[in-house]
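Let me begin by presenting the structure, written as structure tokens, before commenting on it.
Laboratory data are not the source of any read-out in this text; all were calculated from the coordinates shown. All values reported here derive from a predicted model rather than from experimental measurement. FYI the Cβ positions are ideal-geometry reconstructions off the backbone, even for glycines, and counts take in every protein chain you see.
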Amino acid sequence: MSERLDQSIPDLVTRFPEWVRLDERAGYAGFVVAADHLITVAWALRDEFGYDYLSSITAVDYLPEDCLEVVYHLYRSIGGGALVLKVRTGRAQSRVPSLVHLYPGAELQEREVWDLLGVHFSGHPDLRRILTWEGFAGHPLRKDWREPFFEEEVKPYKSRWPEGQPRRIEDQNPYQNNLAYPAGFDAESWTPDGDEALYSTLTRGTGQNGLRTDQMIVNLGPQHPSTHGVFRIVALLDGETVVDLKPVMGYLHRNHEKIGERNTFLQNMPFTDRLDYINSMSNNFGYALTVERLLGIRPTERAEYLRVIMAELTRVLNHLFAVGFLLNDLGAFFTPMIYVIEERELILDIFEAVSGSRMMCNYFRFGGVSRDLPAGIEQKIRDLVFDRLPRKIEELDAYLTGNEIVRARCEGVGVLTAAQAVALSTSGPVLRASGIPYDIRRADPYSIYDRFDFDVCVRYHGDIYDRYLIRLEEARQSLRILAQALKDLPEGPILAGKPQHTVRVPAGEAYGRVEGPKGELGYYVVSNGKANPWRYHVRAPSFINLTALAEMSRGGKIADVVTILGSIDIVLGEIDR
Amino acid sequence: MKIHGFGIVRGLWVTFKHFVTTYIEDVRRGPRFYKTPAGIEQRRRADATGIFTVQYPEEKLPVPEEFRYLPFLVYDENPDGSRAVRCTACGICSKVCPPQCIAIVRSSDPATGKSVAAPAEFYIDVDICMNCGFCAEFCPFDAIRMDHDYEVASVDRLAHHIFDLNRLLKSAAYYARIRPTNAAREDEARAAKAAAKKPTPETAA
């Protein structure tokens, strides 16, 4: 953790001497809070010390010490570093007070921690499983939980080398031999629960204009073209008006984090590509940054510039793509989309020439990047940045911004106020469109972003139209950063030290976050000094931004829910992980 | 908001320009705009206008040198025509592989039973391979490299999707053809290493 950050941290130990102590383990930082007093401490942090933004909640299973540790990362929405809170609880009887009433943004994250690690949050209004299904046995991120095709605790597996067995995993461990049923379970007589538990969590309204109206539940998805993937929205409707709404996810869940804990540190890099598969370069960025923090190394100068160039190109393509999809959701079927895909293809051509793959770039390494720019590519990037992309962004602006249908459908729809946006832990363009000028590149700078001249875009209506305008404006700002980075791009090595496939990471924890195109992308990695991470958590921006979906949709029409979802800009690979 | 429709008309004008440009470009570029490498190259330049798409499979985009698809094993051709497989079965590719799709059996000398630095069998489960390129990146013998051939569809997953040594081996000449600058750089580095190892006549004397 940086020095700048330490200065601004309040002295919680003096304030709450009996409940709070410093986390003094080597490589760790933050405060350990007694579980019973967490709410009081969090209350003071929010209302006295200004930590109004609860960015990330996760937990770690310290199996050898027989305890679970819930980890909170809090920030001030005016900028600055993290304040880390930790709460320890037993593995058998885990109980931690829920922070949902203080920080509504905790809702989905606490459900995730309950689902994957089995920490019970008392006081949570809707503590159901979220990523796995209701009938799932166990909590998969606990260290003693094993997946059906379990082979070994960590990679590399001995069966591949030196034993050299080319057998498929399903032959080694065929279906029906890889299942474990709970004691006393009879598959013949079992009928799965319906969706009653889910439906009962919807808040019924009182009817409109004093009329006693009948309210009905409509399921949108999981197979629906406008949900951008396998995503389901359960909406309670009064006529066409949305009374309440719940997002239901997990249909694409593959337990990315468990895979990450089986992998070695480097092996995780290509897996991060598959989180938000539109923006693999930014995903690499966040992970590389986090592990470099643990390793205590810095990338070389040229690598820093190459990273920024790739990350900003990613932002341009993501924002163009998001605008195209938003227009799809508005019913302008695929014409705007195809226009922006042209630009995306040209950017992907660059990624392909540099990294070898259009979408699954796997370009970043600890201490640098994997390859230098091949001959002629720098000129291609210049052609795009200085000529084509500015022209095309202005064309898109002329094409869509003044369109009366776009304005009628977007202005004043799906409004999120500034207070709600912060409380619900939204990030990225959603947060900035609601009037909070919070951009991690400025608020808590990483890499070399402090060297560039660019504006943090902010708009104040918090509606779909502002989220659309923010994306266009951010694409323009990215081009400004790109122009400066291309001008200053130094010569030199692209990797600090030799290429290494097995890095020895000192024991400790690190939380690294980048301003991804969709919002704050954070990685929480715990190392115990071995070749594999003990804990690997991803704070996925589109997952947490969905906490605000119900707030934006209530009182609106069902047809607008599709557009509101489009304006959040989600990717299911990242939500479900 | 009053709807005058000027914004819609302005947007339609953009669409109309796109529509007309495709025909203007077709007429201007002539028939050589399609199905020629120069035409395909023109359509993906930063100043490209008009038709942007490529009619696969009649037209194929050229892949850049760094493009990676599936891994293959490189062998050098001996003067007598036999194959010298570069792989020494050291297992680094197998260990660094994120989805663990590479399985290697080491060779042993039939007379002595001692292990030999060559693979007896080498398998890659291409269903699991995630095309990350780590195996090629960390191979110390330039023996495993990423291929450009992306048309590998087959009708039977169980029969064809675990590639064996026979399927994986490709010549160094093929490698030099798909990745000329990489191959030249690596050959040079290997030659320099060999020269450093071999005692020169002066030092031997």
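Quick notes
- Dimensions of segment A:417-531 based on its C-alpha atoms, expressed as ranges along the principal axes with the largest first, amount to 49, 37, 18 Å.
- Applying 1/(1 + (r/R0)^6) with r as the Cβ-Cβ distance of B:A195 and B:D76 and R0 = 22 angstrom yields a FRET efficiency of 0.80.
- Per residue, the average separation of C-alpha pairs within less than 8 Å and at least 6 apart gives segment A:443-554 a relative contact order of 15 percent.
- Distance between the pseudo-spin-label points of A:D455 and A:R167 (7 Å out from Cα toward the beta carbon): 6.4 nm.
- Euclidean distance of C-alpha centroids, segment A:314-337 and segment B:1-45, integer Å: 18 Å
- Counting only Cα atoms, the size of the protein assembly as shown along its three principal axes is 101, 73, 61 Å, in decreasing order.
- From largest to smallest, the equivalent ellipsoid semi-axes obtained for segment B:71-197 from the alpha-carbon gyration tensor read 23, 20, 15 Å.
- Rounded to 0.05, the FRET efficiency of the B:R167 and A:L211 pair, given R0 = 45 Å and the Cβ-Cβ distance, is 0.05.
- Kirkwood-Stokes translational diffusion coefficient of segment B:1-124, alpha-carbon pairs, 4 °C, 1.567 mPa s, µm²/s: 63 µm²/s
- Alpha-carbon centroid distance for the pair segment A:168-219 / segment A:509-577, whole angstrom: 24 Å
- Tail fraction, Cα-Cα pairs, segment A:10-79, threshold 14 Å, whole percent: 65 percent
- Modelled label positions at A:T203 and B:M130, each set 7 Å beyond Cα in the direction of Cβ, lie 4.0 nm from each other.
- Cα-based reach from A:K487 at 20 Å (exclusive), listing lysines while leaving out same-chain residues under 8 positions away: A:K380
- Listed residue pairs exceeding 20 Å between alpha carbons, taken from A:K86/A:K246; A:K258/A:K530; A:K155/A:K530; A:K158/B:K95; A:K392/B:K17: A:K86/A:K246
- Springs between Cα atoms under 10 Å define the GNM used for chain B, and in it the highest mean-square fluctuation of B:V96, B:V20, B:V152 occurs at B:V20.
- Normalised by the number of residues in chain A, the average gap of Cα pairs under 8 Å and 6 or more apart makes the relative contact order 17 percent.
- Relative contact order, percent, segment B:1-60 [alpha-carbon distance under 8 Å, six or more residues apart]: 29 percent
- By the Cα gyration tensor, segment B:1-60 has an equivalent ellipsoid whose semi-axes, rounded to whole angstrom, run 32, 11, 9 from largest to smallest.
- From its DSSP helices (H runs of at least four residues, each -39,500 (n - 2.57)), chain A gives a residue-normalised ellipticity at 222 nm of -10500 deg cm²/dmol.
- Fully extended contour minus Cα-Cα distance, from A:E196 to A:E24, at 0.36 nm per residue: 57.3 nm
- Distant-in-sequence amide contacts of A:A59, defined by a placed amide H-H separation under 5 Å and a gap of 5 or more residues or a different chain, comprise A:V71.
- Within chain B, helix-based [θ] at 222 nm, where runs of 4 or more DSSP H residues each add -39,500 (n - 2.57), nearest 500: -10500 deg cm²/dmol
- Going by neighbour counts of Cβ atoms within 10 Å, the residues A:H537, A:H101, A:H256, B:H18 line up, fewest first, as A:H101, B:H18, A:H256, A:H537.
- Against the compact-protein benchmark of 2.2 N^0.38 Å, the Cα-based radius of gyration of segment A:43-117 scales to 1.14.
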